1. Cβ-Cβ distance below 9 Å, separation of 6 or more or different chains: which pairs start in segment 624-644 with a residue that is surrounded by fewer than 17 Cβ atoms within 10 Å (Cβ to Cβ) and end on one that is modelled with pLDDT under 95 and in a helix (DSSP H, G or I)?
2. Is it true that Ala5 is without any contact (Cβ under 8 Å) to a residue 40 or more places away in the chain, hydrophobic (A, V, I, L, M, F, W, C), farther than 21 Å from Val374 by Cβ and assigned to a helix (DSSP H, G or I)?
3. What are the residues in segment 123-135 that are in a loop (DSSP other than H, G, I, E, B) and surrounded by 17 or more Cβ atoms within 10 Å (Cβ to Cβ), if any?
4. Of everything in segment 561-615 that's of a type in the set (A, V, I, L, M) and farther than 17 Å from Leu542 by Cα, which residue is surrounded by the fewest Cβ atoms within 10 Å (Cβ to Cβ)?
5. If you take the residues of segment 515-537 that are of a type in the set (Gly, Ala, Ser) and farther than 20 Å from Met386 by Cα, which of them is surrounded by the most Cβ atoms within 10 Å (Cβ to Cβ)?
6. Inspect all residues belonging to segment 390-401 and state whether any of them is in a helix (DSSP H, G or I) and over 15 Å from Ala532 (Cβ atoms).
7. Go through Leu279, Leu254, Leu315 for me and flag whichever is at pLDDT 95 or above and in the same structural domain as Leu122 (by TED's automatic domain parsing).
Amino acid sequence: MSRQAEFRRRAAEALAKPGIRGALGRFGTAYRKSRAEALAVLDYEGARMRLRESKEDAVARLPELAAEFIANARKAGAIVVEARTAEEANAYIAELAARRGVRLAVKSKSMVSEEIHLNHYLEQRGITPLEMDAAEWIIQQARERPSHSVMPAIHLSKEEVAGIFTTALGREILPDIPALVATLRAELREKFLEAGMGISGANIAVAETGTIIIVTNEGNGRLVTTAPPVHVALLGYDKLVPTLEEAGHHLTLLSKAATGQGITVYTTFITGKAGAPRLPRPAGYAGVSEPEMHIVLLDNGRRAMRDDPDFREALYCIRCASCANVCPTYRVVGGHVFGHIYTAVIGVDITPFHHGLEHAAVPQEACLLCGACVDACPAKIDLPRMILRIRERLEEREAPRGLRHFFLTRVLPKPRAFDRAVRVAGLVERLLPGREGALIQDLPGPLSRLTSIRSLPVVARPPLRDRLPEVTPARGTRRNRVAFFGSCLIDYLYPEIGEAVVKVLRHHGVEVLYPKGQGCCGLPAYYEGARAGAIAAARATLETLEEQGTDYILTATPACGVALRKYFPELLADDPARAPRAARLAARTKEFAEFCVEVLGLGAEKPAPHRDATPVTYHDSCSSYRRLKLKDPPRRLLNALPAYQLVELDEVGECCGFGGHFSTDYAEVAGHILERKLAAVERTGASLLVLDSPGCLLHLRGALHKQGKPIRVRHLAELLAEALPTEGGP
């Protein structure tokens with residue numbers, strides 16, 4: 001089964017459980033608000049930068065910090081061992097338990113123990129591991145794995161939890177949360193005193209003191225680390241920080257990013273075996289009398305991650321799970337689909353090093369590359385970039401074949417071949433049933449999935465390249481000269497957008513070159529891991545757009561702007577002849593709204609009052625909002641149009657679920673993300689939706705047409721063009 005088919009199968013199972021979407025959707029909405037309030041007390045960007053620099057330094061000095069931590073922890077009385085593999089870590093803990101006569105080990109929440117399958121390992125050797133964190137206990141009794149690294153049972157309803165309690169305890173337990181908590185407390189309290197070993201993780205390990213720091217919202221963590229006579233702390237090398245001061249800075253961000261709390265309920269510092277007193281043992285207890293603290297420092301691929309320049313920054317993660325909390329796909333399918341052991345985007349990115357590339361193959365399909373995770377990450381980790389590297393490595397390993405791969409690598413990078421292919425597709429398209437003017441509402445047979453959530457546009461006749469001259473002169477005195485990169489979508493599906501762009505530019509004194517040899521920027525190939533195709537397309541585009549004498553390269557498709565500005569320099573970095581040229585091209589590339597505001601001086605800071613203004617709402621594409629950071633320019637341009645009044649969405653910057661090939665391959669998942677966006681649009685009461693991305697326009701206009709809703713969708717350039725006075729001369 002292909003990884004696409006396997007992801008669809010897993011997603012279908014999750015989508016059949018609406019409780020997952022309900023729980024994650026409600027949490028996502030509440031999290032957005034509480035996180036913003038918690039971070040408002042900080043200079044967030046400054047705090048992020050400091051955390052990033054701290055993690056960069058710690059990872060760079062990892063061997064040195066590890067040696068310092070081990071020495072200081074041993075001075076404080078802890079027994080420290082280093083484990084290269086999961087097997088070594090498991091074996092040490094199991095052998096220690098056997099030597100100390102341990103039959104019951106109580107555990108506080110530890111994702112590293114999940115990573116190495118510690119519970120299963122201990123069970124096979126006659127040792128009972130019992131999770132004492134409420135959510136982890138629920139997951140353990142259900143024989144599941146965590147669906148979220150901070151809130152493991154977030155995908156379960158209280159009714160489902162009550163059912164798990166009933167099965168585990170052999171008596172009916174009602175779905176009342178206070179009663180569930182009281183029942184669990186009564187069941188587990190004595191286990192702390194019966195256990196011969198307590199096993200914990202650690203959120204931070206401080207090199208200068210040998211201290212571990214654990215943050216929790218339940219007191220179970222403190223009981224696990226103090227009640228049993230033997231405490232084992234299991235942690236990865238990535239938890240190391242140099243000083244208590246840096247640990248304090250980590251703590252200022254961790255809980256705020258993770259759960260939107262100012263600080264967690266319990267923040268525990270443990271230094272050596274004397275870090276906390278042990279509780280009295282029950283009568284007849286024959287176990288260890290003197291307290292012991294063992295620290296297991298785990299590698300399990302972390303050093304290999306550190307040595308891999310593509311994935312090194314994954315070690316900067318502080319496990320706050322904010323990438324999951326804001327991920328549009330995660331909020332639909334949950335962590336059991338979007339992950340292996342660790343979930344969401346960071347989970348996919350580290351899985352190849354902990355468990356092998358093959359276990360990341362299916363979960364990585366879940367990523368829309370929207371970039372919400374990057375903005376949310378307190379360590380500023382570029383998680384989507386690593387997803388792209390995984391796709392490239394899968395491409396290299398699997399040697400893909402088929403029509404799709406042929407198109408991405410042999411047709412798309414060649415402008416003439418691509419042009420012929422699209423024109424032929426347009427001819428074939430006219431033979432298909434289900435057309436309604438410029439849209440196809442339903443495709444037949446195996447193609448029906450393409451129109452399951454939206455109608456599709458037809459190929460334009462003629463395309464933009466046949467409508468525009470090579471050079472459109474400026475009206476009046478020429479102020480600038482630009483080369484317009486139209487993009488595949490504008491050229492072949494929405495030429496009216498391109499004509500509107502040229503009209504606006506011409507009116508404001510810009511001479512526009514439209515190079516007829518332009519093709520695709522290669523972004524579809526790049527996003528699917530077909531790096532060779534992306535490089536070939538970048539080279540062809542570079543050659544076409546390097547028109548001497550132009551002041552700027554202009555795009556009206558933000559995704560293409562990201563390609564030209566962000567990806568071309570990276571794709572061509574190893575090409576000595578083209579690398580500096582790609583850098584110069586990137587520096588001269590502007591998005592349409594950005595150019596209008598920053599170069600032409602258009603727009604207004606505040607809206608122009610107008611009694612009869614039409615309410616409109618605005619959708620930011622992920623490419624412009626997150627990758628290009630262009631939130632302000634489109635709004636300034638709308639403010640300058642007195643005929644319209646902007647009504648903001650209540651979730652600005654949320655993805656619409658397009659994601660290029662994602663919404664085609666995984667329409668069922670994309671459809672739920674889309675519905676969230678459409679609901680937000682409808683809540684504004686606006687009858688017109690304005691945006692800057694032809695891709696989002698395809699997705700949203702097609703969905704509204706499919707559902708028969710009267711909301712119109714327009715590109716910002718079309719509104720600006722319509723507002724211009726009629727030209728009376730050259």
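1. Within 9 Å, no pair qualifies.
2. yes
3. Ile127, Met132, Asp133
4. Ala608
5. The residue in question is Ala537.
6. Yes: one or more hits.
7. The conditions single out Leu254.
So that you can scan it fast, the table gives a plain yes or no per residue for (1) in a loop (DSSP other than H, G, I, E, B); (2) assigned by TED's automatic domain parsing to the domain that holds Ser693; (3) touching a Phe, Trp or Tyr at 6+ places or on another chain (Cβ under 7 Å); (4) of a type in the set (Val, Ile, Thr):
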{"residue": "Gly476", "(1), (2), (3), (4)": "yes, no, no, no"}
{"residue": "Arg481", "(1), (2), (3), (4)": "no, no, no, no"}
{"residue": "Ile490", "(1), (2), (3), (4)": "no, no, no, yes"}
{"residue": "Val501", "(1), (2), (3), (4)": "no, no, yes, yes"}
{"residue": "Val504", "(1), (2), (3), (4)": "no, no, no, yes"}
{"residue": "Glu511", "(1), (2), (3), (4)": "no, no, no, no"}
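The values are calculated or read from the model by the stated rules, or taken from the named source; none is laboratory data. Every value quoted in this text rests on a predicted model; they were computed, and no experiment measured them. Glycine also receives a Cβ, built like all others from the backbone with ideal geometry; neighbour counts cover every protein chain displayed.
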